[in-house]
Each structure stands twice: as structure tokens, then as C-alpha cells.
Amino acid sequence: MIRLGLCCIFREESIRFRQTTASVLNRMNRREQLEKLSDLCTANLSNLLEALQWCHINRIGAFRILSPLFPRFTHPDVGYQLENLEHYTEILRLCRSINRFRQENAIRLSLHPDQFNVLSSPHELVVANTIRELEYQGRLAELLGADVINIHAGGAYGNKKEALMRFQVNFDLLSERVATRLTVENDDRVYTPTDLLPLCSTVGIPLVYDVHHHRCLSDNLDIGEATNHCLETWKRVKREPCFHISSPQDGWQGQNIRNHADYIDPTDFPEEWMRLDATVDVEAKAKELAVLRLRDDLDQW
């Protein structure tokens, strides 16, 4: 059974997640900062629970949590710990409610940290910041019951083999709660499935197979072969596979096939995925509207 996933935000539904900036917070004293952050965290958790309720009603089986659900958590100037917040007890209560709801209704949760999180970087500061951010994501995943923290491999830095070796070395610096949830995704500019599969095997992490990226940056594998290799990486960790689907904004003959369209062209959905028990995150600009349309398209297959 295909479990379609909604990514982070809504286009037309009134469910919204609130943010702030470090510059806004820096105009406040520390007490005011923590009050504002406490209110934002509480509001975002309440809205996340509402988002999952919407998913359940609309037969959407997965939801990608917005990375800054706890805004500016790791910022060097205004960062904080949940224990510092006035609504800490309420925050924990909401986390338990979300975790319970996703369990009772079989909704899979995931996280996809921003692209600046790079374990393969040759720069120590970048790696240190990445690890700090991933540890925050691990805490969030643990509280809410998310089982995937998905990242890209990063740049090649002139030598893919050496870059992936740095990824492997830095992976060992992660806590267990991050390492056991971490996945890596093929991208549309640097790393193909063929590039990443040896890393997945060595480190023991699954591959999130993005078929749009693979169509943009091909290798020696066709979609069926890449899908089967991806499935093997998930089988090793005994977890449900995860894929990404999107369509090019101006079609495959357009000027830039990397740009995502508002909706998914159903002909872009691989036939090889149709009989799988798997999560397919829908990366489309129309957000929930695109997921609902694809759900209806697949129902007719």
C-alpha cells in the first residue's frame, strides 16, 4: 500500500506554523526571548497535531515536519533548551499527544533538515554546525515519534570519493537517536543512487530514492533497478521504504527540468512503486492540493 506524504506546510488550509528571526529576538531581553519562543513552540505543536488530524481525515499516511518547528533552537546567539521555556510541561504534553495520535492512526513522521547540513564538508565549522542541527532534529524526532531524518550527501568538493569518506567518518560522531534515523537522498546535481549505495551499505543507513532527481541526473541504473536497490537498504534496517516524487514545472522538455511543478503528472509516478508498501513524499508546490489529486489519480489505477 502506498502511503502518500505531505511536506511541511499547507497551501489553502488554515493550518500555519509560526516563525521568528534572530534579529527580532535580539531586540528583546532574554526573558522576553524565551517567552516568545515558548509561545511559538506551543503554537506550532498544536498546529502540528491539527495537521496530522487533517492527514488522517484525508487518507494521507505521512507528514514531513517543518525543520524549525522549534524556531531558532540551535542559533548561536538566541538558541535555547526546551527546559528553559515557560510552557515546557505543556510542550511535553503536546509532544506525547502527537506521538500517540500518529501511532493510533498509522501516520509516519519524518524530518528533512535544510541543505546547509553537510556531513561531507571539508570545513570543521560546517560539520560542527551540521551535527548540532542534526542533534536537534534527533531530539525532535524522539519526542514526536519520527523515524526518518533525511539529508543530502552535499558537494563533491573536487573528489566524490573523499567527500563520502568524510561523511562516513563524521557519521560516527552522531548520537544513536540521530544515527538510527538518518537517511541519505540522491540529488539532481552531484550524487546519483549509484554514488550513494556503497555509502548506505558501509554506514548502514537507507537510501531515500528521489525519482525526479534521478531523471535529472542519471546513472547506470534504470528506475526499476534503483528502486530495488533502495528497497534493499530499507530491508536491512527493517523499516518501511521512503521515496520522493515530483514533476518538472515546465515538463520534461522545459528549460529547467529541476524546478518542481504545482502538481504531480501521474505519468511521472513509477509503475514499479505501485504494489509496494512504501512512503512516497509528494514534493509539489500545491502542497495538500497536489497530494489529494495524486491520491485520487492513484485510486483510479
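Please find, among I264, I257, the residue that is among the β-branched types (V, I, T), part of a loop (DSSP other than H, G, I, E, B), more than 20 Å from the chain's Cα centre (by Cα) and modelled with pLDDT of 95 or more.
From the options I264, I257, the qualifying one is I257.
Quick one: is R100 among the basic types (K, R) and touching a helix residue (DSSP H, G or I) at 6+ places or on another chain (Cβ under 8 Å)?
no
How do the pairs read when you match residues in segment 287-300 that are within 15 Å of S246 (Cβ to Cβ) and at pLDDT below 95 with residues anywhere that are of a type in the set (A, V, I, L, M, F, W, C) and surrounded by fewer than 15 Cβ atoms within 10 Å (Cβ to Cβ), using Cβ under 6 Å and keeping only pairs 6 or more apart or on different chains?
none
Which condition does Y157 not pass, out of (1) over 19 Å from F116 (Cα atoms); (2) of a type in the set (S, T, Y); (3) surrounded by fewer than 17 Cβ atoms within 10 Å (Cβ to Cβ), if it passes all the others?
(1)
Between a first residue in segment 201-218 that is over 18 Å from A261 (Cβ atoms) and free of Cβ contacts under 8 Å to residues at least 40 places away in the same chain and a second residue that is outside any loop (DSSP other than H, G, I, E, B) and among the small types (G, A, S), which pairs have beta carbons less than 9 Å apart while being 6 or more apart in sequence or on different chains?
Pairs that qualify, where the first residue is over 18 Å from A261 (Cβ atoms) and free of Cβ contacts under 8 Å to residues at least 40 places away in the same chain and the partner is outside any loop (DSSP other than H, G, I, E, B) and among the small types (G, A, S), are V203/A179; G204/A179; I205/A179; L207/A226; Y209/A226.
Determine whether segment 111-124 contains at least one residue that is assigned to a helix (DSSP H, G or I) and closer than 24 Å to F171 by Cα.
Within segment 111-124, one or more residues are assigned to a helix (DSSP H, G or I) and closer than 24 Å to F171 by Cα.
Answer yes or no: is there a residue in segment 71-87 that is farther than 30 Å from L125 by Cβ, in contact with a helix residue (DSSP H, G or I) (Cβ under 6 Å, 6 or more places away or on another chain) and either surrounded by 14 or more Cβ atoms within 10 Å (Cβ to Cβ) or at pLDDT 95 or above (or both).
yes
Just give me the residues in segment 221-239 being surrounded by 16 or more Cβ atoms within 10 Å (Cβ to Cβ), out of contact with any His (no Cβ under 8 Å at 6 or more places or on another chain) and assigned to a loop (DSSP other than H, G, I, E, B), in sequence order.
Matches in segment 221-239: R239 only.
Filter segment 254-285 for residues that are loosely packed, with under 14 Cβ neighbours inside 10 Å and either in contact (Cβ under 8 Å) with a residue 40 or more places away in the chain or at positive phi (or both) and give the result.
Within segment 254-285, M274, D277 meet the criteria.
The values are calculated or read from the model by the stated rules, or taken from the named source; none is laboratory data. These figures come from a predicted structure and were not determined experimentally. So basically every Cβ, Gly included, is an ideal-geometry build from the backbone, and we count neighbours across all protein chains shown.
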